[in-house]
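A.B. asks: The structure is given below, and queries will be raised subsequently.
The values are calculated or read from the model by the stated rules, or taken from the named source; none is laboratory data. Not measured: the values here are computed from a predicted model. Here Cβ is always computed from backbone atoms with ideal geometry, including for glycine, and neighbour counts include all displayed protein chains.
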Amino acid sequence: MKKTMVALALFLVLLTGTASAANNYSPFLSWAVQYASYNESKLKDPYTGWHVLSDDYAQPNYIDGFSLEWDYYAFTNLDGKFTGTIGITINDPRAHLGNDSGWVVPGVFPSLQPSGGNAAIIGRFADGTKKAEFLHFGLFNGTTKTAGKDLRTFDCTMDNGTGYSRQYPLPDGAGGYAGIKLEGESPTMQWNLTVTPLWPERIADRGKTWRIGDDVGVLPAEHFTVNSIWLSIQVKGTITRKNLHETLEIDAIGYREDSFGRYAFVTGGWDFTFGLDPVNKTEFMIQTFYPFSKKLDFMYVQFEHDGQDVFREFRADKGQLGWEHPEWHWNDAAKICHPSTTKIVAEDSDYIVEITADIEQEYAPILSDITIMTKLYVITELMPDFVGTVKEKATGKTVAVLNGTGGGEFSTLRNLSGLQPTDGMCTSTFKPFFRMPFPR
């Protein structure tokens, strides 16, 4: 395995050029940490341009083909009639590992990445129907396919006119911005949504909302930054089911994340869950990246205790966070073993947090055959119900509760061997791997 990855690294060096130190980047320090230091104001700005389109990312780097960034919006309608996700991604924007022809080297080496702009909409409707639709727009061309380097904009249309995705900040009339507009159309759905922070007064209390994983992969210099830029969001607008001529009014709450890096995620993946409880004003988000990263195994929790807002970060590498998936099952459409439940325990000097998320079959896989990588790899969008408590450690008193429907993702390589393991086989194989011991 290691020899294979070294060979791939050498191939990428030839393909993309050697790395160069630019903008005073030291070759002896983590590039991702230096980027965050130079660009802290951008990491705090929910309307900033796409990081992977910045001048820093445009500098030659041997793994630039694995550059990717997503702006992720997941939400649940307050009336329960819709739960889902809209994601916008930029992959390999400088076209090292893919292009619109479908070949890196014509007739010899096919595209690996869905290079350029992409979007997806995933949803569960009141009748139980789940849909996941993926749009690959291709490379940016400055006209029908654009994305903002300095401002968080995205405007792409399919070449055949069958779909589009737009994202742009909404002016507040005073020289700033007051939210994000999301518009788009896929084969069976159309959306027109406005996204704003749910509890804006909490943002200042959180301080830094990103963690840097410069330990995510097997290739030297791989890195990924997870930025929970809006830990809680409000979403209003409409989603139309075109085939049913049905338009849903959206009044929802959820989570927004802007994450980016140079990450060959096919060598691993991520496993994350979030939830908001608007009645009790509690929220949580747990991220885990496997099998290498320790720096991206963490959880944010925010709640009220005696009328005061409390925001805590729990980290697995400090012994504060553990999780497991006690039950698994086989999903034949996705061709993967998938977790059915998630149990989380977090503990610091003041609080103990316990959360259970019931996933069961409430998720939708994003399936695509655009490139080799998308055929071999799958991301599932979760729609779990969750319950939990926050207890004061000194007294054992419950100071906050969590209850509702949340979201998240699970990603992994697909099993295309033709074998169909039993649910029991899935549990015995994957339960020991996807876990971190509980703090106590």
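A.B. asks: How many residues are under 23 Å from the mean Cα position of the chain (by Cα) and assigned to a loop (DSSP other than H, G, I, E, B) if we restrict to segment 350-366?
C.D. replies: 4
A.B. asks: Quick one: which of Gly307, Gly261, Gly254, Gly269 is out of contact with any strand residue (DSSP E or B) (no Cβ under 7 Å at 6 or more places or on another chain) and not charged (D, E, K, R)? Before the answer, list the steps.
C.D. replies: Values: Gly261 fails: out of contact with any strand residue (DSSP E or B) (no Cβ under 7 Å at 6 or more places or on another chain); Gly254 fails: out of contact with any strand residue (DSSP E or B) (no Cβ under 7 Å at 6 or more places or on another chain); Gly269 fails: out of contact with any strand residue (DSSP E or B) (no Cβ under 7 Å at 6 or more places or on another chain).
After applying the criteria, what remains is Gly307.
A.B. asks: Hey, can you tell me all the residues within segment 215-225 that are at pLDDT 95 or above and in contact with a helix residue (DSSP H, G or I) (Cβ under 9 Å, 6 or more places away or on another chain)? Lay out the reasoning, then the answer.
C.D. replies: Kept after step one, since they are at pLDDT 95 or above, are these residues of segment 215-225: 215-216, 222-225.
Passing the criteria: Val216, Glu222, His223, Phe224, Thr225.
A.B. asks: To continue, here is another question. Pick from segment 19-35 the residues that are surrounded by fewer than 18 Cβ atoms within 10 Å (Cβ to Cβ) and in contact (Cβ under 8 Å) with a residue 40 or more places away in the chain: which of them is farthest from Ile86 (Cα to Cα)?
C.D. replies: Among those residues, the one meeting the criterion is Ser20.
A.B. asks: Could you tell me whether Lys335 is out of contact with any Phe, Trp or Tyr (no Cβ under 6 Å at 6 or more places or on another chain), within 30 Å of Ile372 (Cα to Cα) and not assigned by TED's automatic domain parsing to the domain that holds Ala74?
C.D. replies: Working: out of contact with any Phe, Trp or Tyr (no Cβ under 6 Å at 6 or more places or on another chain): yes; within 30 Å of Ile372 (Cα to Cα): yes; not assigned by TED's automatic domain parsing to the domain that holds Ala74: yes.
Spelling it out, Lys335 is indeed out of contact with any Phe, Trp or Tyr (no Cβ under 6 Å at 6 or more places or on another chain), within 30 Å of Ile372 (Cα to Cα) and not assigned by TED's automatic domain parsing to the domain that holds Ala74.
A.B. asks: Looking at segment 332-341 only, could you name the residues that are crowded, with 18+ Cβ neighbours inside 10 Å and outside any loop (DSSP other than H, G, I, E, B)?
C.D. replies: Filtering segment 332-341 down to residues crowded, with 18+ Cβ neighbours inside 10 Å leaves 334-340.
Across segment 332-341, the qualifying residues are Ile336, Cys337, His338, Pro339.
Here's the yes/no breakdown for (1) small (Gly, Ala, Ser); (2) closer than 23 Å to Val52 by Cα:
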{"position": "Trp230", "(1), (2)": "no, yes"}
{"position": "Ile233", "(1), (2)": "no, no"}
{"position": "Thr247", "(1), (2)": "no, no"}
{"position": "Glu304", "(1), (2)": "no, no"}
{"position": "Gly307", "(1), (2)": "yes, no"}
{"position": "Phe311", "(1), (2)": "no, no"}
{"position": "Arg315", "(1), (2)": "no, no"}
{"position": "Lys318", "(1), (2)": "no, no"}
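A.B. asks: Got at least one residue in segment 212-233 being more than 26 Å from Ala316 (Cβ to Cβ) and acidic (Asp, Glu)?
C.D. replies: No; the residues of segment 212-233 include none that is more than 26 Å from Ala316 (Cβ to Cβ) and acidic (Asp, Glu).
A.B. asks: Would you be able to say whether some residue in segment 130-153 is among the charged types (D, E, K, R) and without any contact (Cβ under 8 Å) to a residue 12 or more places away in the chain? Steps first, please.
C.D. replies: First, pick out the residues of segment 130-153 that are among the charged types (D, E, K, R): 130-131, 133, 145, 149-150, 152.
When the remaining residues are screened for being without any contact (Cβ under 8 Å) to a residue 12 or more places away in the chain, the result is none.
No.
A.B. asks: Also, quick follow-up: Among the residues of segment 243-273, what is the count of those that are at pLDDT below 95 and over 21 Å from Arg414 (Cα atoms)?
C.D. replies: 1
A.B. asks: Report, ordered by the first and then the second residue, all pairs with beta carbons closer than 8 Å, sequence separation of six or more or different chains, a first member in segment 348-359 that is under 18 Å from Thr405 (Cβ atoms), and a second member that is surrounded by fewer than 21 Cβ atoms within 10 Å (Cβ to Cβ) and among the acidic types (Asp, Glu).
C.D. replies: Ala357/Asp385; Asp358/Asp385
A.B. asks: I'd like to verify a number: residues in segment 57-110 that are among the acidic types (Asp, Glu), modelled with pLDDT of 95 or more and at negative phi, how many? Step through it out loud before you land on a result.
C.D. replies: As a first pass, look at segment 57-110 and keep what is among the acidic types (Asp, Glu): 64, 69, 71, 79, 92, 100.
Imposing the further condition that a residue be modelled with pLDDT of 95 or more reduces the set to 64, 69, 71, 79, 92.
Then keep just the ones that are at negative phi; that gives 64, 69, 71, 79.
Residues meeting the conditions: 4.
A.B. asks: Next up: Got at least one residue in segment 147-167 being under 30 Å from Glu360 (Cα atoms), buried (at least 19 other Cβ atoms within 10 Å of the Cβ) and in the same structural domain as Asn39 (by TED's automatic domain parsing)? Break it down stepwise before answering.
C.D. replies: In the first step, residues of segment 147-167 are kept if they are under 30 Å from Glu360 (Cα atoms); the result is none.
Within segment 147-167, none of the residues are under 30 Å from Glu360 (Cα atoms), buried (at least 19 other Cβ atoms within 10 Å of the Cβ) and in the same structural domain as Asn39 (by TED's automatic domain parsing).
A.B. asks: Sticking with this structure for a sec: Which of the strands (runs of 3 or more DSSP E) found entirely inside segment 201-320 contain at least 1 residues meeting this: of a type in the set (Ser, Thr, Tyr) and surrounded by fewer than 19 Cβ atoms within 10 Å (Cβ to Cβ)? Show your work before the answer.
C.D. replies: Numbers: elements: 210-213, 223-241, 246-262, 269-277, 282-287, 298-305, 308-315.
Answer list for segment 201-320: 223-241, 246-262.
A.B. asks: Take the residues in segment 171-188 that are of a type outside the set (D, E, K, R) and under 21 Å from the mean Cα position of the chain (by Cα), then tell me which one is surrounded by the most Cβ atoms within 10 Å (Cβ to Cβ). Steps first, please.
C.D. replies: Here is the first cut: in segment 171-188, the residues of a type outside the set (D, E, K, R) are 171, 173-180, 182, 184, 186-188.
Those left that are additionally under 21 Å from the mean Cα position of the chain (by Cα): 179-180, 182, 184, 186.
Details: Gly179: 21, Ile180: 23, Leu182: 23, Gly184: 25, Ser186: 22.
Residue satisfying both the conditions and the ranking: Gly184.
A.B. asks: With respect to Asp358, is the statement that it is in the same structural domain as Lys393 (by TED's automatic domain parsing) and over 30 Å from Ser111 (Cβ atoms) true?
C.D. replies: Numbers: in the same structural domain as Lys393 (by TED's automatic domain parsing): yes; over 30 Å from Ser111 (Cβ atoms): yes.
Taking the combined requirement at face value, the residue satisfies it.
Okay, residues lined up against (1) without any contact (Cβ under 8 Å) to a residue 24 or more places away in the chain; (2) within 23 Å of Phe298 (Cβ to Cβ):
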residue: Glu362; (1), (2): no, no
residue: Val387; (1), (2): no, yes
residue: Gly396; (1), (2): yes, no
residue: Asn403; (1), (2): no, yes
residue: Thr412; (1), (2): no, yes
residue: Pro421; (1), (2): no, no
